[in-house]
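Everything below concerns the one structure shown next.
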Amino acid sequence: DTAVSQTPKYLVTQMGNDKSIKCEQNLGHDTMYWYKQDSKKFLKIMFSYNNKELIINETVPNRFSPKSPDKAHLNLHINSLELGDSAVYFCASSQQGFEGYTFGSGTRLTVV
Amino acid sequence: KQEVTQIPAALSVPEGENLVLNCSFTDSAIYNLQWFRQDPGKGLTSLLLIQSSQREQTSGRLNASLDKSSGRSTLYIAASQPGDSATYLCAADNQAGTALIFGKGTTLSVSS
């Protein structure tokens, strides 16, 4: 059973399109995250949600909008995609402060 | 603001060697420090989690230590194998304890 699952695994789209990435965790964790791994493989926090409440929004363009319908789901919607958005996006979850983080397998987004 | 640095950036060793990967962090008031492994094109696999009250954790041939006062952690790999070849990522909490901040990783290559 996958603990943190992301869909899709790969996403190729044209500039200007709008796309969504979905994430679900079955660990009962109260906090979920989106991280971006750029072409240099550096992982950077984008958003953090605790019990559906936005905790962190790290200077991410407004074109990125996370949505958490419940504490087991955190989706990422991206409007007007740009070439620079091409990256691998990782979803993660944790029980804040007391357990380690569990990461999904990533979504490789390619904007052409 | 928490910053995590990993040294060296890359390491090549022959099979069977014992090796140490280094991680330093600027803010010592952390809840957790976590070591991950990432294989090319893959997601993150958690290796070891050290909570702030702990000084080390061991799993098989891996041992991670934590010295909060000096802002350092080391990952020790005993009797390295070609299958250990991967990028190893160190991550520590941010100041609020609301997200993991990653180093840029050490890419390890173990030759047979």
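Go ahead and set up a Gaussian network model of chain B, Cα springs under 10 Å, then flag whichever of B:Gly43, B:Gly97, B:Gly71 fluctuates most. Comparing B:Gly43, B:Gly97, B:Gly71 in a Gaussian network model of chain B, the most mobile one is B:Gly43.
So for the range B:15-86, what percent of the C-alpha to C-alpha distances run longer than 20 Å? Pairs farther apart than 20 Å: 32 percent.
Proximity of backbone amide H atoms, modeled 1.01 Å from N, is registered between A:Lys41 and no other residue at under 5 Å, excluding neighbours fewer than 5 places apart on the same chain.
Just flag the trypsin sites (Lys or Arg not before Pro) in the range A:13-61 sitting in loop per DSSP whose Cβ has no more than 10 other Cβ atoms within 10 Å. The qualifying sites are A:Lys40.
Size of the range A:8-89: Rg and Dmax of its alpha carbons, in Å, are 12.7, 36. Out of B:Ser112, B:Thr58, B:Leu11, whose Cα points farthest toward the positive end of the dipole of chain B (charges: +1 Lys, Arg; -1 Asp, Glu; placed on Cβ)? Among B:Ser112, B:Thr58, B:Leu11, the one farthest towards the positive end of the dipole of chain B is B:Thr58.
Between the alpha-carbon centres of the range A:32-82 and the range B:28-93 there is a gap of 25 Å. In a Gaussian network model over chain A where Cα atoms closer than 10 Å are linked, find which of A:Thr59, A:Thr13, A:Thr31 has the largest mean-square fluctuation. Comparing A:Thr59, A:Thr13, A:Thr31 in the GNM, the peak value goes to A:Thr59.
List the longest stretch of chain A that has no exposed loop site; here a site is one of the chymotrypsin sites (Phe, Trp or Tyr not before Pro) assigned by DSSP to anything other than H, G, I, E or B, with at most 15 other Cβ within 10 Å.
On the way: sites that count: A:Phe42, A:Phe98.
Longest site-free region, per DSSP loop and neighbour criteria: A:43-97.
Measuring nothing but alpha carbons in the protein assembly as shown and taking Rh as the Kirkwood radius, the Rg to Rh ratio lands at 0.97. Among A:Met15, A:Met46, the order of accessible area from largest down is A:Met15, A:Met46, computed with a 1.4 Å probe on protein heavy atoms.
The values are calculated or read from the model by the stated rules, or taken from the named source; none is laboratory data. Just so you know, these numbers come straight off a predicted model, no measurement behind them. Note that each Cβ is placed from the backbone with ideal geometry, even for glycine, and that neighbours are counted across all protein chains shown. Surface accessibility is based on the protein's heavy atoms, side chains included, excluding ligands, DNA and RNA. Shrake-Rupley method; radii C 1.70, N 1.55, O 1.52, S 1.80 Å.
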